[in-house]
Amino acid sequence: MSAGHNARPALAFVGLGNMGGHMSRRLAAAGFDLTVYDVDATKVAPVVAAGAREAGSAAAAAARADALLTSLPTPAVVEEVMLGVGEALAALPDGALWVDLSTSLPEVADRVRARGAARGIRVLDAPVAGMSKGAAAGALQIYVGGDAADLAEIRPVLEVVGDPCGIRHVGAHGAGYTVKLLLNLLWFSSLVSIAEALTVGARAGLDLAVLHAALVASPANSDLLRRDLLPLLRDGDYETGFAVTLACKDLGLAVDLARSQGVPVELSAVVEQLFRRAHATFGETAGEMSPVRLYEELAGLELRLPRAAKAQTRVAESSEGADASS
């Protein structure tokens, strides 16, 4: 990058959705020289209010950037922004760094890297995990594929949007994308398994708070069961910050990856179909935990903690947050 050794790089950020919006606002608030663009102009205003500069196109944002960050919904959109009508790659200065925070495919980034190689354009795939709450708090996990030297250069930027201890160099180009797809595959499968277990227990007459506490205290515990599911169990929040349509996309990519490697993934294929059923039933803007709602409707119940248990979980969360920040 053209920034001096101790100077902060000029940044561009394209894609200001539920994840990108939070990440870009944090960068702007941290005082970075940041230019942003999104096809939806309403998503730009909050980032500009935090201190960013608005560009009229992806190419215009990229034109003065030492590093371009993208957070986009699908591999097709990534390719369109970088190589298609977005023309972001062509606009990047020689020697710039592209960091893709999207859940995408190695093949797309490979094409960008091949076209940009003659101009010294460098590429990192750096998909993120942690839900929209993690993006807002700067607590994302980031899985980076590419050259370690490029990661070291951009790490101060990534530490603003992610947990510094959660930024992991996982391998060569494409490794970040692959780790993220497999993480999603496991998370979505776990969500369905938890939904089944809780629904069966509720129908069998168990107190949901007692069942949940017993499972959390068991070898079957997970962050998803212990923490991430609580907004749903307390308030009926199916995590609309990440739409079920994107979950379907991610599952499809993961299943395709498995097939390309000759690995049969029968369980994952069933999970994908459950998510697609939730998408068809509740609509594309429904939250990523909507498969739980399928089980609730089939069983004729809602998985909700009683009031006293809700209060206890909030106290436990507050204590956990205090411990993490100390």
Can you pull out every residue in segment 235-258 that is part of a helix (DSSP H, G or I) and among the acidic types (Asp, Glu)? 235, 250, 256
Pairs please, first residue from segment 253-281 and at negative phi, second anywhere and of a type in the set (Asp, Glu) and open to solvent by less than 90 Å² (accessible area, probe 1.4 Å), Cβ atoms under 6 Å, 6+ apart in sequence or on different chains. 255/272
Within segment 154-175, take every residue that is under 18 Å from residue 123 (Cα atoms) and in a strand (DSSP E or B) and give me the one that is most open to solvent (accessible area, probe 1.4 Å). 168
Going through segment 242-284 in order, the residues found to be among the hydroxyl-bearing types (Ser, Thr, Tyr) and over 16 Å from residue 190 (Cβ atoms) are 245, 260, 281
So is residue 13 within 19 Å of residue 159 (Cβ to Cβ), open to solvent by less than 50 Å² (accessible area, probe 1.4 Å) and in contact (Cβ under 8 Å) with a residue 60 or more places away in the chain or not? no
Looking at segment 94-127 only, could you name the residues that are aliphatic (A, V, I, L, M) and either open to solvent by 10 Å² or more (accessible area, probe 1.4 Å) or not in a strand (DSSP E or B) (or both)? 96, 101, 105, 108, 109, 112, 114, 117, 118, 121, 126
Qualifying residue in segment 225-234 (condition: in contact (Cβ under 8 Å) with a residue 40 or more places away in the chain, touching a His at 6+ places or on another chain (Cβ under 9 Å), open to solvent by less than 20 Å² (accessible area, probe 1.4 Å) and not in a helix (DSSP H, G or I)): yes
Among 200, 179, which is the only one that is β-branched (Val, Ile, Thr), open to solvent by less than 60 Å² (accessible area, probe 1.4 Å) and not in a loop (DSSP other than H, G, I, E, B)? 179
Take the residues of segment 228-250 that are among the hydrophobic types (A, V, I, L, M, F, W, C) and out of contact with any Ser or Thr (no Cβ under 7 Å at 6 or more places or on another chain): which is nearest to residue 216 (Cα to Cα)? 229
Among the candidates 247, 278, 254, which residue alone is surrounded by 14 or more Cβ atoms within 10 Å (Cβ to Cβ) and more than 21 Å from residue 104 (Cβ to Cβ)? 278
Could you tell me which numbered condition residue 18 fails, if it satisfies all but one of (1) over 22 Å from residue 143 (Cα atoms); (2) assigned to a loop (DSSP other than H, G, I, E, B)? (1)
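The values are calculated or read from the model by the stated rules, or taken from the named source; none is laboratory data. Every value quoted in this text rests on a predicted model; they were computed, and no experiment measured them. Every residue, glycine among them, receives a Cβ derived from its backbone with ideal geometry; neighbour counts consider all protein chains shown. Ligands, DNA and RNA are stripped out before the accessible areas are found, and what is left, the full protein with its side chains, is counted by its heavy atoms. Shrake-Rupley method; radii C 1.70, N 1.55, O 1.52, S 1.80 Å.
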